[in-house]
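Chemist: Following this message is one structure expressed as structure tokens.
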Amino acid sequence: MALCGVFSTPNLPNLQVLRNSSIVGLKRNRSLWQPTSSIRAKPVKFRCSSSLKPSSSDVEEIDEDVGNGSSVSVDDGSAHVKQFMWSDFKILDRVSIGHGGRADELVFEAIVQVPDSPLFNQGVVLRKLNTTRAQKRGRRAIEVLKKLVRRRLLYHSYSMQVHGYISNTLSDDPYSFTLVHGCHGSFSIRHWLQQSDWLPTLEATLALDEESFRRVGDDTTGGPAVSRQLRLIRILMRDILIGVNYLHSHGLAHTELRLENVHISPVDRHIKVGILGNAADFYGDGASTSSAYSTMDRRQMMIAFDMRCVGFMMAKMILQELMDPLIFAKLKSFLAKGNDPSSLREFFVTTLNTNSESGNTGVQILDRNWGAGWHLLSSLIATRPSKRISCLDALKHPFLCGPRWRVAPSMDIIRWGLGSTAVKISEEYIYRMPQRQRLAHFIGLMEMLNPYPKPNYWLDLLPGRWRLLYSTGKHIGLTLRQPSTRALIGNVHLTITQASEAANNTSLSFTSDIGFTAITTKDWPHNKTGATGKLQTLSQFRLVAGKRLYLKEEKKNIGKFSMGEPDAEEGLAEKLETQKWKKVVPFKKFPSSLPVAKLVSGEIEVTMSMNDRIESPENVIGEVRKQIPQEMFDLSKLVCGTYIDGRLLVLRCVNGSALLFTRSSFNDKCM
């Protein structure tokens, strides 16, 4: 039993705790543990009532009160819940909070001493509940056991097994209620992740072998740390989702899914999702009148809340930097400001410390399988509760299915994979002809599968800040040239705002921000310091419906571009005619035109600001213009939008080239 501490209460003055790496000594007042009755353990049955009122807003935490005035009465027998006495146990000199103890609880271990009990000589955990609220949690756990007892095998596999309770008489201690539940002999997941060598230790504790990996569709063992951690995450996440789905299928929401409440049992190698003391019924006695339930019923809201908690657990298990409360607070702030969770990768890459001990292992795991991990994470913590993925759909997600399992991806996952691959190639910054052709090919496929072709959808998705990733018409940044005036390009952003919130208003304001550093010395400084500046272009646009034509004679009129884009269109047409793509594309043959969002530009205003004084600013502007796509300097050359979703944007220019953007948060600063 690996233990790490104790929660004590003010009414236990004679407890002294001595901590070491595995056990905690306890000097207890013997009079405190005297049995309250001379009757042997007897089966009882509880009748409980609860009128839980969940909060109206979808926040991270839920009030731990499971009901208003919930009560438990003992009136008839049940074989599954027993009333014990203190004399039935041998109290051990070990205390543990690995089972999620609180300030109003005292958690310690004991051995059952009743010869005719099926638990004879087995270790259990006694959870002494010292407040009214804590006692409600204990009685609620017993009530949940009654409801789930029909499928005891799953209950015992995915929840801490509740054996019964110890309840003092009113004359002895009216505020005493002790829950008796299973002792799984292990840390919570949070405690595991806080260990320096958690990965090999947890693998050894769970005795992972080839059979364990086959259960998640993998056919290999060992390998680099990224592959090993990915297999372990799949095992843990699938167990958590199966346990949560078990509760949901029985009309219960967990409401307290956190890493410290979830335990790993080395005995049966299953995840235990707690003692369910705060589990809430989907269909309570009292109907909620909150406005949050006007468009979604109580059941959907509770399931959505649990799935959001599972998403936070997944994020912390993979991106362990989120175990830091300050970084996790940044994530919650990012979501609270209304940012789309589909842009989480952009947020994490710019927020996480790449020099941390874990490096970028978590980002690599989520990037596997064409970014499937980011898709699952964004689906779990989606802003709208109705958009969050269910347990069953999450279990069928490609991220949680190994290579041996053939999963038919949805159209949404196909689009996500195309976009993630394009982003990954652009980040490698290797723009030889094969990479250019692949990028143009993926962008063309994304345009064919654009989920929002109508302009009214674009009015909802366009506003925000977008960072330029790639241009099919121009190599961005420095080349092999030897310019007389040197400039280092930073981030290039396109900020789009709506002129007014009127329903029929299609006017948009486009602002291009180009951050750069002018090198004033003759040679390049080692730290690349210089005079920083920003070039800003502002223009007004009107959004209307339009079409993009795919005509063979366009090749004669336009000619070949430097990036080989007409050739990419030919390859795209051949690709879409294959049997594999015919199953997913929404048309039978290569179309002659596709609907797009046409951009009608207005006047342009250009400004430049420098933090330091330089001799020839006109030469700096000229060099910046050579290194960036001309369309970011002259916004009037943007003619239409061909693809948009929550994280990626593709705009076509007057010469036919494409600009690929990724959504960035509003608080990012240009370099």
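The values are calculated or read from the model by the stated rules, or taken from the named source; none is laboratory data. Just so it is clear, the model here is predicted, and its values are computed rather than measured. Counting neighbours? That spans all protein chains shown, and the Cβs are built from the backbone with ideal geometry, glycine included. Surface areas here come from the heavy atoms of the whole protein model, side chains and all, with no ligands, DNA or RNA. Shrake-Rupley method; radii C 1.70, N 1.55, O 1.52, S 1.80 Å.
Chemist: When region 319-342 is examined, which residues are found to be in contact (Cβ under 8 Å) with a residue 24 or more places away in the chain and open to solvent by 10 Å² or more (accessible area, probe 1.4 Å)? Before you say what the answer is, go through the steps one by one.
Modeler: Of all residues in region 319-342, those in contact (Cβ under 8 Å) with a residue 24 or more places away in the chain come to 319-321, 323, 327, 332, 334-335, 337-342.
Across region 319-342, the qualifying residues are Gln320, Glu321, Met323, Ile327, Lys332, Phe334, Leu335, Lys337, Gly338, Asn339, Asp340, Ser342.
Chemist: Are any residues in region 214-227 within 21 Å of Met313 (Cα to Cα) and either at pLDDT below 70 or crowded, with 18+ Cβ neighbours inside 10 Å (or both), and if so, which ones? If you could, list the steps in order and put the result at the bottom.
Modeler: Looking only at region 214-227, we keep the residues that are within 21 Å of Met313 (Cα to Cα), and these are 216, 225-227.
Within region 214-227, Val216 is the sole residue that qualifies.
Chemist: Sticking with this one: Mind checking whether some residue in region 637-655 is open to solvent by 10 Å² or more (accessible area, probe 1.4 Å) and among the hydroxyl-bearing types (Ser, Thr, Tyr)? Write out each step before concluding.
Modeler: Of all residues in region 637-655, those open to solvent by 10 Å² or more (accessible area, probe 1.4 Å) come to 637, 639-640, 645-647, 652, 654-655.
If we keep only those that are among the hydroxyl-bearing types (Ser, Thr, Tyr) too, we end up with none.
Checking region 637-655: not a single residue is open to solvent by 10 Å² or more (accessible area, probe 1.4 Å) and among the hydroxyl-bearing types (Ser, Thr, Tyr).
Chemist: Follow-up. Given the conditions (1) in contact with a helix residue (DSSP H, G or I) (Cβ under 8 Å, 6 or more places away or on another chain); (2) open to solvent by less than 10 Å² (accessible area, probe 1.4 Å), and given that Met610 satisfies all but one, which numbered condition is not satisfied?
Modeler: So the condition that Met610 fails would be (2).
Chemist: Quick one: which of Ser171, Ser186 is modelled with pLDDT under 75, outside any helix (DSSP H, G or I) and within 26 Å of the chain's Cα centre (by Cα)?
Modeler: It is Ser186.
Chemist: Okay, moving on. May I ask you to list pairs of residues, at least six apart or on different chains, whose Cβ atoms are under 7 Å apart, with the first in region 234-249 being touching a residue at least 40 places away in the same chain (Cβ under 8 Å) and the second being of a type in the set (S, T, N, Q)?
Modeler: As it stands, the answer is Gly243/Ser159, since those pairs meet every condition given.
Chemist: Out of (1) in contact (Cβ under 8 Å) with a residue 60 or more places away in the chain; (2) within 30 Å of Met446 (Cα to Cα), what's the single condition that is false for Val639?
Modeler: Going through (1) in contact (Cβ under 8 Å) with a residue 60 or more places away in the chain; (2) within 30 Å of Met446 (Cα to Cα) one by one, Val639 breaks only (1).
Chemist: How many residues, within region 600-623, are outside any helix (DSSP H, G or I) and more than 30 Å from Gly641 (Cβ to Cβ)? Give the derivation first.
Modeler: Within region 600-623, the subset outside any helix (DSSP H, G or I) is 600-616.
Subsequent filtering for residues that are more than 30 Å from Gly641 (Cβ to Cβ) retains 610-616.
Number of matching residues: 7.
Chemist: Inside region 78-114, can you point out the residues that are modelled with pLDDT of 85 or more, of a type in the set (A, V, I, L, M, F, W, C) and in a loop (DSSP other than H, G, I, E, B)?
Modeler: Those that are modelled with pLDDT of 85 or more, of a type in the set (A, V, I, L, M, F, W, C) and in a loop (DSSP other than H, G, I, E, B): Phe84, Met85, Val114.
Chemist: Determine whether region 232-239 contains at least one residue that is touching a strand residue (DSSP E or B) at 6+ places or on another chain (Cβ under 7 Å), of a type in the set (Asp, Glu) and either part of a helix (DSSP H, G or I) or modelled with pLDDT under 80 (or both). Please lay out each step first, then the result.
Modeler: Filtering region 232-239 for residues touching a strand residue (DSSP E or B) at 6+ places or on another chain (Cβ under 7 Å) gives 236, 239.
From the residues that got through so far, the ones that are of a type in the set (Asp, Glu) too are 239.
Now narrow it down to the ones that are either part of a helix (DSSP H, G or I) or modelled with pLDDT under 80 (or both): 239.
So far as region 232-239 goes, yes, one or more of its residues are touching a strand residue (DSSP E or B) at 6+ places or on another chain (Cβ under 7 Å), of a type in the set (Asp, Glu) and either part of a helix (DSSP H, G or I) or modelled with pLDDT under 80 (or both).
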